[in-house]
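What follows is a set of notes on a single structure, which appears directly below.
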Amino acid sequence: MNSRRTLLRTTLIALAALALSTAAFAGTQFTGNLVDPAGTLGHFRSNTAPLVIHIDHYTEDAEAQRLAGILKQKGPDALRDALWDQEAGFIRVGGGLGYPIAAARVHPTPDGGQIVRLMIDRPLSQREVINNLRTVDYPFAFVEIRLDRNGKGNGQFYQAAKVSLTGDKLEVENYSPQPLKLLGVATR
């Protein structure tokens with residue numbers, strides 16, 4: 001009887017610890033403004049749109065290494081296939097529907113801030129595929145946000161990107177001459 005209580009108590013403590021550690025990373029939300037300096041977001045009335053990023057969980061080190069191995073050994077098409085099944089949260093631009101974020105990573109900075117990086121297997125339009133546009137060679141979207149210790153900052157949004165690895169460093173090539181800007185980003 002006593003061993004059952006001890007086992008139950010140990011199990012409850014372990015579950016509570018797991019819930020607390022998961023809660024610390026779950027449900028992170030960022031808001032900000034997406035700014036298009038080049039004016040390529042023609043479907044908006046201006047060159048800015050509100051942005052919401054919701055992270056359900058950050059991608060663990062082992063999973064990030066697995067995805068990097070796929071990119072290194074099999075290339076970007078295999079990485080896109082692997083990301084298809086992943087969902088770490090969503091990103092929503094303007095009043096539109098959210099689109100799944102495949103991988104989300106966060107890294108501390110020396111000044112107490114954070115760098116948040118998001119990888120998205122971007123939706124290819126039917127027009128891109130049928131007309132075999134050059135943009136189909138840029139099947140990812142990539143976001144990098146630099147936050148200060150107060151959870152505020154700015155970032156960049158590569159809406160059509162190629163990715164490759166140089167050693168262990170992820171290289172991101174944007175289709176457009178310049179990435180979109182994320183301004184006034186704040187953690188909610």
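Here, each number is a calculation from the coordinates, and none is a lab measurement. None of the values given here were measured: they were computed from a predicted structure. Here the Cβ is made from the backbone with ideal geometry for all residues, glycine too, and neighbour counts use every protein chain on show.
Counting neighbouring Cβ atoms within 10 Å and putting the fewest first, the residues 134, 92 line up as 134, 92. Can you tell which of 125, 59, 73 lies farthest toward the positive end of the dipole of the range 26-187, using +1 and -1 charges on the Cβ of basic and acidic side chains (Lys, Arg; Asp, Glu)? Selected residue: 125.
Between the amide H of residue 176 and those of 160, distances stay under 5 Å, these residues lying 5 or more places away or on another chain, with hydrogens modeled in the peptide plane.
Remark: the range 178-188, residue by residue, has Karplus-estimated 3J(HN,Hα) of 9, x, 6, 9, 10, 10, x, 6, 9, 7, 10 Hz, where x stands for each Gly or Pro and the curve is 6.51 cos²θ - 1.76 cosθ + 1.60 at θ = phi - 60°.
Applying 1/(1 + (r/R0)^6) with r as the Cβ-Cβ distance of residue 48 and residue 168 and R0 = 41 angstrom yields a FRET efficiency of 0.70. About the centre of its Cα atoms, the range 37-188 shows a dipole size close to 500 debye [charges on the beta carbon of Lys, Arg (+1) and Asp, Glu (-1) only; nearest 20 debye].
Centre-to-centre separation between the Cα atoms of the range 156-178 and those of the range 63-123: 12 Å.
Charged side chains reduced to their Cβ positions (Lys and Arg at +1, Asp and Glu at -1) give the range 88-154 a dipole of some 120 debye around its Cα centre.
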